[in-house]
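Read the structure below first, then the notes.
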Amino acid sequence: MSLRKLAAVAAVAGAALGAQSAAAQNITLEFVVWNYALETIQDNVRKFEEANPGIKVNVTDYTWPDYQDSLVLRFRGGTQTDVLYGGQDWLPAWASAGWVAPLADIAPEGVIDTLSKDMAGFALSDVTYDGKIYGLPYYADTISFIYNAKLLEEHGIEVPQTWEDVMAASEKLKAAGIDRPIVYEYNQELPNFFDAFVAQVYGRGGELFDEELNAVFDQPDNAAYQHLEWLREAFEKELVQPENHESNIITTMNTGKHAFTVVYNYVLAAMNNEAEQPLAGQFALARMPGEAHSTLGFAKFYAVTATTAADPERAEAAWKFIDFMAGQPYTVAKRWAVENGLGFGQLPLLQDAEVKEAWGKWVDMDVLAGQIESAKAGTWTEWTAVWSAYFRPLLASAMVGEIPVEQAMRDGAERWNMLREQFANR
Amino acid sequence: MWSIRRYPVLWLLPALVPVVAFIAYPVAYAFWTSLHQVMLLFPGEPFVGFDNYSRVLSSSYFKTAFLNSALFMLFAAPLVVILGVAVALFLQRRFAGSTLVRSVVLLPWVLPGAISAVLWIWVFHPSFGIINGLLQWIGAISAPIQWLNTPALAFVCVLVAHVWTQIPFAVVLTMAALAAINSETLEAATIDCRSAWKRFWYVIFPEIKAMVVVLLVYNALVAFTTYDLVYAMTGGGPGTATTLLAFQIWRESFAMYDFGAGSALAFVMVAVAAALIVAITRLLPSDLFEERP
């Protein structure tokens, strides 16, 4: 072969290699989640990758109790993180620290506004910080009061409407041989230990903070103070069976030896799962006891890191992924709802025939709709998550009588005010 | 040229570098952190002097954690040593299956703390735990005991789990001490002294008392600084019933994101542990570690 021909062949080969290299420049997004239903997450990711050649998604998971700590350390340590699960109680701190970016920074113009119109009120509130939307809902839910309908019927007890009714019903059941009628997720290391308390306070029509973000729960006439006293009394009377995780609550309630609990709605779906639970179908949702029958509504969402938002190529890939997981026509959110009973923040799904049919098997949709309608978002500030870690052990101590309710509430309020001042002076 | 006499420091570098890198620097940085407001969610790290120390020392969480740690140490250390010595004396005998028994006794030592914690959580579970199951089966109780959800009982449960994990180490060291005793001394004691207790107290114990003291000091420090079992078994709860100082350090740093307070608490704990060691050392008889004639 002549030198000229050899050079031509080399040039063609080099061009082909270069083209192949360009085509092989995939982006791998780092997607960080807590470890609920990882197989479903991985399957959703696979579907996204099939629909978007050139974008790979690497899933990293942490346990729920460790999730916030792990994310904070990832952010501070500069570990590559593109898309992540966020929570309503963490958003203000993360956004304030500049770790996550508004979705409008990466989404086509107008899209986020359009999607926000489909969101439930408390969900929209929870994904918004400083007037900007930082996430699209992955899962939105209310914390609900669940009861064993068969047990109540057998003992001639009406569905409780107030917390006094719950106490009276529990005492009646205990007298009839049901040892500890109330099952309570008692684990101060879980963020939702505080959320459940707030939900119950909202049932009473109470608030923990006023409009100026002053702590008011340390006042004896405050609904939160009164409810902590109620919980303490319930524990003292040995009406409460503490369980340290919702998975144990599912099993415990399905022994038929307990009547009431306060959990997320998807736990009710699991309790009523005919394929797995012996007493499936016995459990029902009631409006949260109390004068207001309100409860805590909250949203967990897909968010993008500020680092990724600043990189045009990664930002584009991240938006495609978030849009696939949480944008219209809400396919993934619907899948979570139908297969796992996970709540959603996208209101159109309430009218979806498949969702209605799937949910009708484990919950009364009319009661649920009423509960969702009265649900309120919580008070989430830049220091709420830090303060909650301080306050939860105080709540737990007061519930079991280790410290007086007055001390728990006083110490909690002092810490809230201290953190508020620290943040204001930063 | 590069003789050890001319440049002695250079020859110390291979040892000095890791010590500085992995001990001296982290400790110094932790001390610096304790003097600054280092909160992960807030920007800036302003100097605050000893504010972190005063805030930590005056908080109700510290008082509770300190008392819990002191109580935990006072019970755990003697229990580990007494049970460890008893088991070692038993294992010194030859009997069928003694090798197997020795292996089983060492098992708790090889389990990570978190695994031991999960194991004991299930043992103490109110509905599915073996203890409640046995007690109900023999009719000792009519309703399940809430072991890990009752403050006083939860403390006892963590104590039991901790002692169980530490006994093997005490057994191993005590058996080593026992093996060093002159066999002729033991034979003579068997002939001259019919009471097993007297043999132990007047002949065997004097030979192993140095090891017993070492075990007491070691287990006191281990109990005072226990963290993994508390984290995995009770999360410091219910409430603060099982919150020990080491766990409170974790909570300040990684749950409340206040590294300044966490570091301050760590140094307080070091100071207390150091004072403990000095006090115990001064109380020891001066001839404890001397060779017996």
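Quick notes on this structure:
- DSSP beta bridges in the protein assembly as shown [antiparallel fraction, %, rounded to 5]: 60 percent
- Proximity of backbone amide H atoms, modeled 1.01 Å from N, is registered between residue A:264 and A:144 at under 5 Å, excluding neighbours fewer than 5 places apart on the same chain.
- Net +/- balance of residues flanking residue B:254 in space, Cβ distance below 10 Å, scoring K and R +1, D and E -1: -3
- Peptide-level mean, for A:42-51, of C-beta atoms on other protein chains within 10 Å: 0
- Most mobile of A:171, A:339, A:246 in a GNM of chain A (Cα contacts under 10 Å): A:339
- Rounded, prolate or oblate (a/c below 1.5 giving rounded, otherwise prolate when a/b exceeds b/c) for the stretch A:268-404 by Cα gyration tensor: oblate
- Label-to-label distance, nm, for residues given as residue B:15 and residue B:30 (7 Å Cα→Cβ offset): 2.3 nm
- Pairs of Cα atoms in the stretch A:78-189 fall into 5 Å distance bins, from 0 up to the last occupied one, in shares of 2, 9, 16, 14, 10, 8, 8, 9, 9, 8, 5, 2, 0 percent.
- The stretch A:99-160 and the stretch A:166-232 have their alpha-carbon centroids 22 Å apart.
- Modelled spin-label separation between residue B:209 and residue B:70, with each label point placed 7 Å from Cα along the Cα-to-Cβ direction: 2.8 nm.
- Dimensions of the protein assembly as shown along the principal axes, based on C-alpha atoms and rounded to the nearest Å, stand at 99, 95, 57, largest first.
- Crossing angle, helix A:163-175 versus chain A [Cα axis fit, 0-90 degrees, rounded to tens]: 70 degrees
- For residue A:163, net neighbour charge (Lys/Arg +1, Asp/Glu -1) across residues whose Cβ lies under 12 Å away: -4
- Reachable lysines, given that their alpha-carbon falls under 24 Å from the alpha-carbon of residue B:198 and they are not under 8 places away in the same chain: B:209
- For the stretch A:364-426 versus the stretch B:75-140, the gap between their alpha-carbon centres in whole angstrom: 40 Å
- The angle separating the long axis of helix A:312-326 from the principal Cα axis of greatest extent in chain A is about 40 degrees.
- Among A:65, A:102, A:92, residue whose mean-square fluctuation peaks in a GNM of chain A (springs only between Cα atoms under 10 Å): A:65
- Here's how it looks for residue A:282: its modeled amide H is under 5 Å from none belonging to a residue 5 or more places away or on a different chain.
- Take each residue of peptide B:125-135, count the partner chain Cβ atoms within 10 Å of its Cβ, and average: the result is 2.
- Test item: A:389-402 mean partner chain Cβ contacts at 10 Å: 6
- Chain A: relative contact order in percent, alpha carbon pairs under 8 Å with at least 6 residues between: 24 percent
- On Cα atoms only, tilt of A:38-51 relative to the major axis of chain A in degrees: 30 degrees
- With N counted as the residues of the stretch B:60-283, its alpha-carbon radius of gyration over 2.2 N^0.38 Å works out to 1.17.
- Normalising the average separation of contacting C-alpha pairs (under 8 angstrom, six or more residues apart) by the number of residues puts the relative contact order of the stretch B:60-283 at 31 percent.
- Net charge contributed by nearby residues that have their C-beta within less than 13 Å of residue A:359 (K/R +1, D/E -1): -4
- Cα→Cβ-extended label distance, 7 Å offset, between residue B:225 and residue B:7, nm: 3.6 nm
- Whole-angstrom gap from the stretch A:236-286 to the stretch B:229-278, using each part's C-alpha centre: 34 Å
- Chain B: DSSP helices with Cα axial extent of at least 30 Å and average Kyte-Doolittle hydropathy no lower than 1.0: B:60-92, B:151-179, B:259-283
- In the elastic network of chain B, a GNM with C-alpha springs shorter than 10 Å, the most mobile of B:86, B:170, B:196 is B:196.
- In the structure shown, the pairs A:257/A:356; A:47/A:300; A:47/A:132 are assessed against 28 Å; a Cα-Cα span above that value is assigned to A:257/A:356; A:47/A:132.
All of the numbers you see were taken from the coordinates with simple rules; none came from a lab. Since the model is a prediction, treat every value here as computed from it, not as a measurement. Because the Cβ atoms are built from the backbone with ideal geometry, glycine has one as well, and the counts that use them run over all protein chains shown.
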